[in-house]
Amino acid sequence: MSTHTKMAAERKAPDGGTETDAATRRRRSPTRANPALYLFPLPAVAIIAFFLVMPTLQAFQYAITDWNGFSAAFNYVGLDNFVRAFTKDSLFTNALTNNLKFVLMVVIAQTAFSLVLALLLTKNSRGSILLRALFFFPTILSSVSVAFIWKFIYDPNFGLANAVLGGVGLEALQGSYLGNNAQALYWVAVTQVWFHAGQMMVVYIAGLQAIPRELYEAAEMDGAGKWQQFKSITWPFVAPATSIVVAYTTVQSFKAFDLILGIAGNPPKQSLDILSTRIYSTFANSEFGYAAAQSIIFMAMIALVTWLQRRLLRLTPKGE
């Protein structure tokens, strides 16, 4: 570098330093990300690719084969596995129907129940906090524990439900619960709601406590009743929370695998068979290709139902 160049580079900068110092500061500017930072996500990306992306892609590959899961040889069968699932397999269509009924019941009941609990327990009083903890408690239990607790409650001979009904003189309402094929799915839905309503209540409480109190005060001054306040203020403001609750409850209901097996055993009877238990039974029967096709239908069904719910409930703005 010539003497003239060095002198030009070391000219005073506007803030009192030299232009060389200013250039160094620009290179070290905190707003400019160090290229080495881009290496940090690589382990997570590698784990997701290995444990999630690759198995998913393999499922699409197996779904068009008749692979039994053990043999080195298999044949490509095209879309036959998908056609079989919808046209020739009554067990699969029965499980699909049961699952859609189960999702519908649980989503409606759990969303409504958790919202009511949240509205009643929004205030941070000691009593509300104690009741929140009580309603949240089932969430920390394992699915198998919950299944065995409710299996005892539903026992037609020694169960708590029939004992309580008999104790208050309501013997006419006693039943066999899970033993009644027409009602068994409804009783499992009750168990699922009891299991997760407290968890969804917490989501709603967070949404309700974020609503400015000034809106309710202004509505009261305008003479709005409780229902009008709920319709015009509460419901629009808890729409994001409702979106989370509905989506999470839908996925939970489709994946109630361990709860169903804990209550109904393996394999469950047809009245309690849902998609996840049906797929497990197909894998256990060494029909890996067909089970992979059922799994893809299962994923597509969850995505479709979740998208329809968000559109029907207007939880997603247009254009998203």
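Each value in this text was obtained by applying a stated rule to the coordinates, not by laboratory testing. Quick caveat: nothing in here was measured; it's all calculated off a predicted structure. Every residue, glycine among them, receives a Cβ derived from its backbone with ideal geometry; neighbour counts consider all protein chains shown.
Below is a table of values for the structure above.
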quantity	calculated
Size of electric dipole in the chain: Cβ of Lys, Arg +1 and of Asp, Glu -1, about Cα centre, debye, nearest 20	940 debye
Average Cα contact separation per residue, the chain, under 8 Å, 6 or more apart, as relative contact order %	26 percent
Span-rule helices in the chain, defined as complete DSSP H runs reaching 20 Å or more along the axis (Cα) with Kyte mean at least -0.5	90-120, 184-209, 239-254, 288-312
Cα centroid separation, region 35-98 to region 202-279 (Å)	30 Å
Rh (Kirkwood; distinct C-alpha pairs) - region 173-302, Å	17.9 Å
Rounded D (µm²/s) - the chain, Kirkwood Rh over Cα pairs, Stokes-Einstein at 4 °C, 1.567 mPa s	53 µm²/s
MRE, 222 nm, helices only [DSSP H, n ≥ 4, -39500 (n - 2.57), over the chain, to nearest 500]	-19500 deg cm²/dmol
Computed Rg/Rh of region 207-265, alpha carbon atoms with Kirkwood Rh	1.30
Cut-off 13 Å between beta-carbons: net charge of the residues surrounding Ala161, Lys and Arg +1, Asp and Glu -1	-1
Among 74-81, 219-226, 38-45, the order from most to least packed when residues are scored by Cβ within 10 Å on average	74-81, 219-226, 38-45
Where the Cα pairs of region 91-211 fall when distances are cut into 5 Å bins, in %	2, 11, 16, 17, 17, 17, 12, 6, 3, 1, 0
Ala49 paired with Lys101, simple spin-label distance in nm, labels 7 Å along Cα-to-beta-carbon	4.6 nm
Alpha-carbon Rg with Dmax, taken over region 259-301, Å	10.5, 28
Electrostatic dipole magnitude of region 172-283 [Cβ: Lys, Arg +1; Asp, Glu -1; Cα centre; debye, to 20]	380 debye
